[in-house]
Each structure stands twice: as C-alpha cells, then as structure tokens.
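Contents: one structure, followed by commentary.
The values are calculated or read from the model by the stated rules, or taken from the named source; none is laboratory data. All figures in this text were calculated on a predicted structure; none of them were measured in a lab. All Cβ positions, even for glycine, are placed from backbone atoms using ideal geometry, and neighbour counts span all protein chains on display. For accessibility, only protein heavy atoms count, side chains too; no ligands or nucleic acids. Shrake-Rupley method; radii C 1.70, N 1.55, O 1.52, S 1.80 Å.
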Amino acid sequence: MKIQLGYLAAGAVTALLAAGLTRHLLGAEDKMSTTTKGGKVQIVDFSDDGEKIGLVTVDRVVKTDEEWKKQLTPMQFKVTRQQATEIACSVGYWNNHEAGLYRCVCCGTALFKSNTKFESGTGWPSFWEPVAKENIETKTDYSFGMSRTEVNCARCGAHLGHVFDDGPPPTGLRYCINSASLVFVKAKTK
Ligand SMILES: [Zn+2]
C-alpha cells in the first residue's frame with residue numbers, strides 16, 4: 001500500500017511538473033488572458049474627427065506575441081501586451097494639449113477624447129471619461145500588493161493603465177493611461 005501511495009505521489013509530482021513546465025512555456029499567453037479570447041465585441045465607432053458613428057459589432061483582435069512585436073515598438077509591446085507601466089513624463093502625450101482623439105495603438109479603437117483630458121500632475125495622460133463605456137474593459141489588478149482597477153481595450157485586450165476615483169467632476173474618475181498604449185489623431189482645423 002505504501003509503495004502504491006509512493007507511486008501515486010510520484011505520479012502526481014510528475015503531473016505537477018508537467019503542468020508547471022507547460023505553464024512556463026505558455027507564460028506569455030497566461031499573462032495575455034484578456035487578449036486571447038476571440039469572438040465578437042460591440043464597440044462604439046468614432047470618426048477621426050471625434051464624431052460618434054454608432055455601435056458596431058466587430059471581431060476581437062487576437063494576435064501572437066510575434067505579430068504584436070512586428071507592429072509595435074518594444075515599449076508599446078511591454079505596456080500593452082505585458083502590463084508594464086512607462087516612466088512618468090518619459091514619452092508622449094501627458095503634456096499634449098492639442099484637440100483630437102486618442103485611439104488604441106494596437107487595434108485603432110477610439111478610447112479617449114482631448115476634451116476629457118485634464119492635468120493630473122502625474123506625468124501620465126489622464127482622462128475623466130472614455131469615449132464610450134463599451135470601448136474599454138476593467139478588471140481588478142492585485143499586482144504589487146495593491147488593489148487597483150486595470151483598464152483594457154475592449155477589442156484587443158491591450159493594457160492601457162488604471163482608473164482611480166480621485167478624478168475631477170463630472171465623473172470623479174481618473175483614467176491614468178500610458179502614452180505608449182495610445183495613438184493621437186489630431187482634429188482637423190475647420
Ligand atoms: Zn485595442
């Protein structure tokens with residue numbers, strides 16, 4: 001009996017090791033759980049001028065790491081596909097005051113408008129509202145011993161940043177977003 005148990009234990013250990021190895025090999029995919037779900041999603045489409053076009057049903061954008069790496073800069077890849085945070089004030093849009101629309105750098109989904117951007121003093125572009133609630137997804141993020149609400153692109157799962165409840169009126173929210181996850185489309189001057 002003892003021997004049988006021993007065999008069972010050994011079998012269990014082997015299975016665990018195999019599972020661990022598989023997880024190790026698939027580590028990148030594990031991290032990208034939000035990005036690997038396929039199917040359709042409803043988002044609100046906007047023109048580059050920031051005009052609301054309406055609700056559309058589109059395919060989720062699912063790509064491999066290799067495909068994302070071809071499309072993105074190393075910093076854009078780290079932030080959007082591996083949940084990294086860029087150094088404050090280091091790049092991009094925190095100090096951009098031009099009128100226009102901010103789209104997802106990965107899939108082009110409209111995310112934020114310049115008229116909801118405000119000076120948060122953090123060094124990251126900050127908004128009090130997304131263009132449409134459909135275009136973003138949120139989930140609780142327990143990394144670094146904190147409980148924060150992570151903000152992702154609804155269409156491709158790109159990590160955008162976090163949302164906090166210390167923002168200005170009218171929403172009281174502060175969407176603290178990495179520049180590296182955004183591409184700015186300047187409004188045409190009329
Ligand atoms: Zn996206």
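Taking 0.36 nm per residue of sequence separation and removing the Cα-Cα distance, the residue 188/residue 58 pair yields an extension gain of 44.1 nm. Sorting the segments 122-132, 71-81, 39-49, 171-181 by their mean number of nearby beta carbons within 10 angstrom, highest to lowest, gives 171-181, 122-132, 71-81, 39-49.
Rounded to whole numbers, the Karplus 3J(HN,Hα) couplings from phi for the range 107-123 are 10, x, 4, 5, 10, 9, 10, 4, 6, 10, 8, 9, 7, 8, x, 8, x Hz, using 6.51 cos²θ - 1.76 cosθ + 1.60 with θ = phi - 60°, and x at Gly and Pro. Couplings 3J(HN,Hα) of the range 50-57, computed from phi: x, 7, 6, 8, x, 6, 10, 9 Hz, in residue order, whole Hz [Karplus 6.51 cos²θ - 1.76 cosθ + 1.60, θ = phi - 60°; x for Gly and Pro]. How large, in percent, is the carbon and sulfur part of the accessible surface of the range 34-190 at a probe radius of 1.4 Å? Heavy-atom surface of the range 34-190 belonging to carbon and sulfur, 1.4 Å probe: 53 percent. Averaged per residue, the range 63-147 has 53 square angstrom of accessible surface, using a 1.4 angstrom probe with ligands and nucleic acids left out.
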